[in-house]
Amino acid sequence: MLKASIVDLDIYDPNVNLRLDERGLAEQLGISRTPIREAIMRLEQEGFVTTLPRRGVYIKRKNLEEILEMVVVWAALESMAARLACVEATDEEIARLRAIGTRYTTEKAKAKISEYSEANIEFHLCILQISKCRMLEEMAERLFTHLKAVRRRALTDETRADRSVVDHTEIIEAIEARDADRAGRLVRDHTMRLHNYIRRTWIHIAGEAEAEAATASSAAARNGSDSAAH
C-alpha cells in the first residue's frame, strides 16, 4: 500500500511533501510502527526512499542520469518483449493490445491527458504480458515503478501525447503482422524518443532546483574523469 502510494505520487511537483511520517502512517493505517519501519526498510533497499540523518525518511527523487539509464534499459527490455509477442501472443491477446492502444485518438488523448496517461501505461504493460516471458516482465515492471512519475509528467506535453498515439498504432500493426524486427525497432525508437525528451526538458519535468543539481553533478563527473585522465 505504501509503495503504491509513492508510485502514484507526482514526486516532481515542487509543492509535494516528500517526508514520510512514520508515526502518522501508523495511526492512519491503524497498525503499529514496526510493520511501517519494515516497509520503509524494503522501500529504501529498492531505491524509493532515503533516510537523512536527523531529518527523517524522504521519498527519493531520481536524478537525470539515473532516469536516463533506466529508460535505456526499459527500451531494451520492451523491445525484446515486442519481438517475443510477435511469436508467442495469440490473436486474441493481440486484439486486446489493439483495444487498449486505440482507445484514444490524438484529440481525445490531449483532452483527457490524465486518463490517457493511465491507458498509455496499460498499453506498455500489455506488451510485456503477451511476450510470455515472466522474468522479462518482472524486470521491466520494477523499472517502470521508478519511471511512472516521469512518464506521466512527460505526457502533459501535447506534442508527446500526439506522437504517442501514432507510435502505438504503428507498434500494434507490426505485432499484428508478426514482424518481430519492425515491432522491436518501433518500440525501441518510441522509448528512446522519451529518453531524448527527458534530456531536453528535465528542467520542466523536475523543476529548476533538480535540473541545476543534475547539471552540477554531470559537470563534477566530467571534471573527475578529466582529472583521472591527467
* Condition test on Ala95, is it farther than 30 Å from Glu170 by Cβ, in a helix (DSSP H, G or I) and free of Cβ contacts under 8 Å to residues at least 60 places away in the same chain? -> no
* Hey, could you check segment 200-230 for residues that are surrounded by 14 or more Cβ atoms within 10 Å (Cβ to Cβ) and within 17 Å of Met70 (Cα to Cα) and say which is modelled with the lowest pLDDT? => Ala214
* Looking at segment 130-141, which of its residues are assigned to a helix (DSSP H, G or I), in contact (Cβ under 8 Å) with a residue 12 or more places away in the chain and surrounded by fewer than 18 Cβ atoms within 10 Å (Cβ to Cβ)? -> Leu136, Met139, Glu141
* Structure fact -> Scanning segment 16-42 for residues that are under 27 Å from His204 (Cα atoms) and either basic (Lys, Arg) or under 21 Å from the mean Cα position of the chain (by Cα) (or both) gives Val16, Asn17, Leu18, Arg19
* Residue under evaluation Arg178, criteria (1) over 15 Å from Leu77 (Cα atoms); (2) touching a residue at least 40 places away in the same chain (Cβ under 8 Å); (3) over 16 Å from the mean Cα position of the chain (by Cα); (4) assigned to a helix (DSSP H, G or I), criterion not met -> (4)
* Pair list, Cβ under 9 Å, 6 or more apart: segment 2-23 residue within 20 Å of Ile121 (Cβ to Cβ), other residue of a type in the set (Asp, Glu) and in a helix (DSSP H, G or I) -> Tyr12/Glu210
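The values are calculated or read from the model by the stated rules, or taken from the named source; none is laboratory data. From a predicted model like this one, the values you see are computed outputs, not experimental measurements. Backbone-built Cβ (ideal geometry, glycine too); neighbour counts: all protein chains shown.
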